[in-house]
Structures are given as C-alpha cells and as structure tokens.
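The structure appears right after this line, and notes come after that.
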Amino acid sequence: MTIRYPYTGEGARGFDRFAQSHSGAKLLGLYRSMLRIRRIEEEIERRYHQDQMKTPIHLVIGQEATSVGCCAALGETDLLYSSHRTHGNYLAKGGDLKAMLCEMHCRINGCAGSRGGSMHLIDKRVGMAGTSAIVGGAVPIAAGAALAAQMKGEDHVVVVFLGDSTTEEGVASESLNFAALKQLPLVFFCENNFYSVQSPLATRQPARDLRTWAASYAIPAVRVDGVNVLAVLEETQTAVARARSGGGPTFIEAPVYRFRAHGGAGDDSRTGYRDVAEREAWERVDPLTLFSGFLMAGGMLDERATAVMEEALAAEIADAFELALASPIPVEADLYRHVYAD
Ligand SMILES: Cc1ncc(C[n+]2csc(CCOP(=O)(O)OP(=O)(O)O)c2C)c(N)n1
C-alpha cells in the first residue's frame, strides 16, 4: 500500500506563508533544534548495538518537525505528556540531554533515576511531565492534569502527544469525551505516521481520516503538515490560545513518517510490511532538508553556518555520552526506593 503524502509539491511555498511572523534568529533556532534531535538520534542509533544503553529505543528520525514546532508554541510551565517515542518531545520541551542519556544508560543521575529508560523520560523543571510505554497511557493522565489546572485556575495548558494507533485505544475516546465535556485546556497532538509497529493504518481503521473521529467528540480537529515546522508551530499556537482562553481542547493530526524501524536501530522497510519506495518518497520531504533548503534560499543559512552548528552539536553530544558512560550505576540498596506498595 502506498501512502500519498498529503501536501506534496508545496516545497518552500509551504514555509513562505508562515515565515513572515518570525525573526531570522527564531527560524534558525527552530532549524537548530530539529538538527540537534536528528544528530542525537543518529548517535544513539550508531552506538545502540554496543549494548551500553539498557533500554529499548524508538527513534524519531523523520518526525522532528512535530516536536520542535509544537514545543515552540509552549511556555516552560505548559505541560507535555508523551508516549513511547519520546526523545524528540523531551528534547524539544527543554529536557536535559545529559540526564536523558544517563537515563538510557541506566545511571543514577538519569532523568527518571535510572528506573524508566527511554520510554519514561521526565523533566518537571521544564514541564516535561511524563511519558508512558502503554499505548494511550499518557492520554488520561494529561486529561487529569488539564482538569487540575482548570480547577485550580492555573494558566498553563497541557499537550499530549499520541500516535495514530492510540486513537484505537478506548481510553483515548474516553479522554476526548471528557475533555470536550469539561472544556479542558488540553491539546491532543496526534503524530500520524500511518503504522502501529508493522500494521498499516488502513488495516486497522475504516477509511476515514482521524479528524472525523476526533470531531465526533465535538472537538475542533485540524490537520497540519507534519514535515513543516512552521505550519506545526502556527497550528499549535492557535490550539494553545484556544485552550488558555477557556475555549477547550483541540485535536491536531500531523501526518509524518518514521524513517527508521518501529523500535531499535536501523531501517526495517525491507522486512516487507512497508514499501521501500514509500519511505524514499517521504525522505524527499525530509523535514530538515525542506527547512534548510528554505533557509538557504532566503539567505538565512549557508554552508559555513551549517558547519559551525554541526561542530557545536557534535561536541555537545560527545560530552553528554561521555558523562553518561562515566556516571554511577544504581546500587542494590536503592532498589526499593520509590516503591509504595509491597
Ligand atoms: C496498551 C498497549 N498495547 C500494545 C502495546 C505494544 N505497542 C508498543 S508501541 C505500539 C504501536 C504504537 O503506535 P503509535 O501509537 O501509532 O505510535 P508510533 O509507534 O507509530 O510512534 C504498540 C502496539 C503497548 N505498548 N501498549
């Protein structure tokens, strides 16, 4: 089955429409954030076979624009919840790279104290409120956090990232219903990458788009170009403004594509569940290549500036891995800390 990219052909025009409202520095910052996530993911992937990371991984290579565009619309006190594909969300929300890599190497200074691994990243200082390995697990928790914010009269909004398969979980339907009923300050951000592990969307759901499902709960439901960081930013800003002003929840569907396997390192397109040609078609709309092309055409980025950026990122990433590998492993005496029941 070939998935047709819904926005093919927009190219740079897709950015032009949105770029006017941002400074050059802001645009470069968005690009740098996406590039940072990509390079971190590539290094994780490169080292994964060494078995020093004690965690399953779900790489976000190809899906950087959704994390970065969405989080750019949020303040530090706004809360973000996510699923098992966490790295991009955590980093874009301002999570600490060193603490993330320590967590993935099962070191005591990991962001979840070595107890969580890649699928349970958290950094409350920057509003990265938590992630769950249970598909749909974070959605009702986010709804609860939004209800708490509403009841306490707090100003922050809550965003929850979910995959397309999460829309098949009963708890997601319950959460949308409840969010609509209570008009919660909540944004459901659905990264639709068209697969649940190796099952295509078309074999799991009737032929209707995900907005129809969300809209049936009387929630405004929009689709945004998930490879266009500026479009994602603008659509999230609209949703966040609605939530913050008491206008209730929004469902955003962003079609994206993961360039790597569902889990682990490497690509799995040749195992037969998806077409190599399909992945290659999406690689032609790689969110980083599209955006760097736009910035270069507008004279905001050039080869030299890119090289400087790359060098700084490489140094930061190497340092963070070094720290993680030099950090202490948990001791047995700590095993029952944070255990609340026996
Ligand atoms: C309740 C539950 N059922 C099944 C799984 C196994 N599982 C892990 S990830 C995944 C697919 C998730 O797909 P999606 O939510 O679309 O996110 P993506 O992996 O595509 O980013 C499944 C079925 C699980 N973790 N939790």
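Please treat every number below as a calculation from the coordinates, not as lab data. All figures in this text were calculated on a predicted structure; none of them were measured in a lab. Positions of Cβ are generated from backbone atoms using ideal geometry, with glycine treated the same way; all protein chains shown enter the neighbour counts.
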C-alpha center-to-center spacing [segment 222-293, segment 61-78] in angstrom: 11 Å
Subset of LYS98/LYS152; LYS124/LYS182; LYS54/LYS152; LYS98/LYS182 violating a 29 Å alpha-carbon distance limit: LYS98/LYS152; LYS54/LYS152; LYS98/LYS182
Estimated distance in nm for a label pair at GLU174 and GLU76, the labels positioned 7 Å out from Cα along Cα-to-Cβ: 3.6 nm
DSSP beta bridges in the chain [antiparallel fraction, %, rounded to 5]: 10 percent
Shape parameters for segment 190-260, alpha-carbon atoms, Rg then Dmax in Å: 13.4, 40
GLU154-ALA265 FRET efficiency (beta carbon distance; Förster radius 30 Å; 0.05 resolution): 0.15
Cβ-Cβ FRET estimate between GLN205 and TYR273, R0 fixed at 25 Å, reported to 0.05: 0.90
Cα-Cα separations in segment 262-320 greater than 17 Å, expressed as whole percent: 62 percent
Förster radius 45 Å - calculated FRET efficiency between HIS338 and GLN20, Cβ distance, rounded to 0.05: 0.40
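Note the full-extension length gain between ALA318 and GLN52 as 0.36 nm times their separation in residues minus their Cα-Cα distance, in nm to one decimal.
That works out to 94.3 nm of additional length.
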Label point distance in nm, ALA218-GLN198, each placed 7 Å from Cα along Cα→Cβ: 4.4 nm
Per-residue Cβ neighbour rank within 10 angstrom, fewest leading, CYS71, CYS106: CYS106, CYS71
The chain: Rg to Rh, with Rh as the Kirkwood radius over Cα pairs: 0.95
